[in-house]
1. Which residue is nearest to the chain's Cα centre (by Cα), if the candidates are limited to region 105-129 and must be touching a residue at least 40 places away in the same chain (Cβ under 8 Å) and not in a helix (DSSP H, G or I)?
2. As an exercise: evaluate Ala23 against (1) in contact (Cβ under 8 Å) with a residue 12 or more places away in the chain; (2) farther than 28 Å from Ser128 by Cα and give the number of the one condition it does not meet.
3. As an exercise: evaluate Ser72 against (1) in a helix (DSSP H, G or I); (2) open to solvent by 70 Å² or more (accessible area, probe 1.4 Å); (3) closer than 30 Å to Leu99 by Cβ and give the number of the one condition it does not meet.
4. Among (1) among the polar types (S, T, N, Q); (2) open to solvent by 40 Å² or more (accessible area, probe 1.4 Å); (3) more than 25 Å from Gly5 (Cα to Cα), where does Ser125 come up short?
5. Can we say Leu48 is modelled with pLDDT of 90 or more and in contact with a helix residue (DSSP H, G or I) (Cβ under 7 Å, 6 or more places away or on another chain)?
6. Do you know which of the residues in region 1-42 that are more than 27 Å from the chain's Cα centre (by Cα) and among the aromatic types (Phe, Trp, Tyr) is least open to solvent (accessible area, probe 1.4 Å)?
7. Taking interchain pairs and intrachain pairs at least six residues apart, which have beta carbon atoms under 7 angstrom, with the first residue in region 88-100 and open to solvent by less than 40 Å² (accessible area, probe 1.4 Å) and the second polar (S, T, N, Q)?
Amino acid sequence: MGIFGSFAATGSAAGLSVGGIIASYLGWSWVFLINVPILLIIIVIAYLYLEKDIKSQSKLPDIPAAIALVISMLSLTWATELLSKPSENGLKIAGLLFLLVAATGYLFKRLKTQAIPLLDLEVLSLPSLRKGNTLLSCWAHSSPATCSL
């Protein structure tokens, strides 16, 4: 997360300056072409340094798990949005929460039984992920003194 954050900050800071220089000397339309040389450099570096892809046994991703994941996320988001007026939307919220539990239960069952799951649940047991989520939660709640790793 720190690496992504530093790239985002660097891009935000440098993008305005570089874009201003390009727009001042070459014209505003040239700003849209800045991605072309950057992309070409990234393609060359990726070809030289990244490992080759390993072809998996399955040709398609786990479509039922993907659908269950989307349904879970949409029902959670919609139910949260409807919580602004719970008295008017009580039945909708209950239905969406039922849909959330059913789709999430199906998703977890599917993730545990597939040979090549859509999401690898072993990732959740990584200590670095737990520590990162704990620190992010502490930062979001602005009380890092109460956190323990």
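1. Leu119
2. Here Ala23 clears every test but (1).
3. Of everything listed in (1) in a helix (DSSP H, G or I); (2) open to solvent by 70 Å² or more (accessible area, probe 1.4 Å); (3) closer than 30 Å to Leu99 by Cβ, Ser72 misses just condition (2).
4. With (1) among the polar types (S, T, N, Q); (2) open to solvent by 40 Å² or more (accessible area, probe 1.4 Å); (3) more than 25 Å from Gly5 (Cα to Cα) applied to Ser125, the lone miss is (3).
5. Considered against the rule, which asks whether it is modelled with pLDDT of 90 or more and in contact with a helix residue (DSSP H, G or I) (Cβ under 7 Å, 6 or more places away or on another chain), Leu48 comes out as no.
6. Only one residue fits best here, namely Trp30.
7. From region 88-100, the pairs are Leu96/Ser75; Leu100/Ser72; Leu100/Ser75.
Yes/no per residue for (1) of a type outside the set (A, V, I, L, M, F, W, C); (2) under 26 Å from Leu118 (Cβ atoms):
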residue: Val36; (1), (2): no, no
residue: Leu39; (1), (2): no, no
residue: Ile45; (1), (2): no, no
residue: Pro64; (1), (2): yes, yes
residue: Leu76; (1), (2): no, yes
residue: Glu88; (1), (2): yes, no
residue: Phe98; (1), (2): no, yes
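The values are calculated or read from the model by the stated rules, or taken from the named source; none is laboratory data. Note that the structure is a prediction, hence the values are computed from the model and not measured. As a convention, Cβ positions derive from the backbone with ideal geometry for all residues, glycine included, and neighbour counts pool all protein chains shown. In case anyone asks, the SASA skips ligands and DNA or RNA and just uses the protein heavy atoms, side chains included. Shrake-Rupley method; radii C 1.70, N 1.55, O 1.52, S 1.80 Å.
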